[in-house]
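Here the structure is laid out as structure tokens; the discussion comes afterwards.
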Amino acid sequence: MTRVSLPESTRTKLLLRDREAAELLGISPRKLWELTSPRGPIKCVRIGRSVRYSLATLERWIADQEALTSGDAIRPL
């Protein structure tokens, strides 16, 4: 699995804010919200009213999207 090169400040974070996650995925925060569970397949971590995304979860989702286009099996998130 190929890892995304992150800015130093993001590398040490365990969870990413919605704007950070959307930027890494190259999509808008609104599109990320549409893809976030329960509306979509990307799971998030809720801390009070805050929504955060695990880098590992995002990487798995990307791998699953690649598998869909190549026909490989899909792993559960």
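Observations, loosely collected:
- Were the residues from L35 through T69 laid out at 0.36 nm apart, the gain over their Cα-Cα distance would be 10.5 nm.
- Debye-sum result for segment 13-70 in log10 I(q)/I(0), which assumes one identical scatterer on each alpha carbon, at q = 0.15, 0.26 Å⁻¹: -0.39, -1.16
- Environment charge at S37 (Cβ cut-off 14 Å; Lys +1, Arg +1, Asp -1, Glu -1): +2
- Ordering 29-37, 14-22 by mean Cβ neighbour count within 10 Å, with the highest value first, yields 14-22, 29-37.
- Sorted by Cβ density within 10 Å, fewest first, the residues K13, K43: K13, K43
Since every read-out is calculated from the coordinates, none of them should be taken as a lab result. Here the structure is a predicted model, which is why all the values come from computation and not from measurement. Don't worry about glycine lacking a Cβ; one is built from the backbone with ideal geometry, like all the others, and counts go over all protein chains shown.
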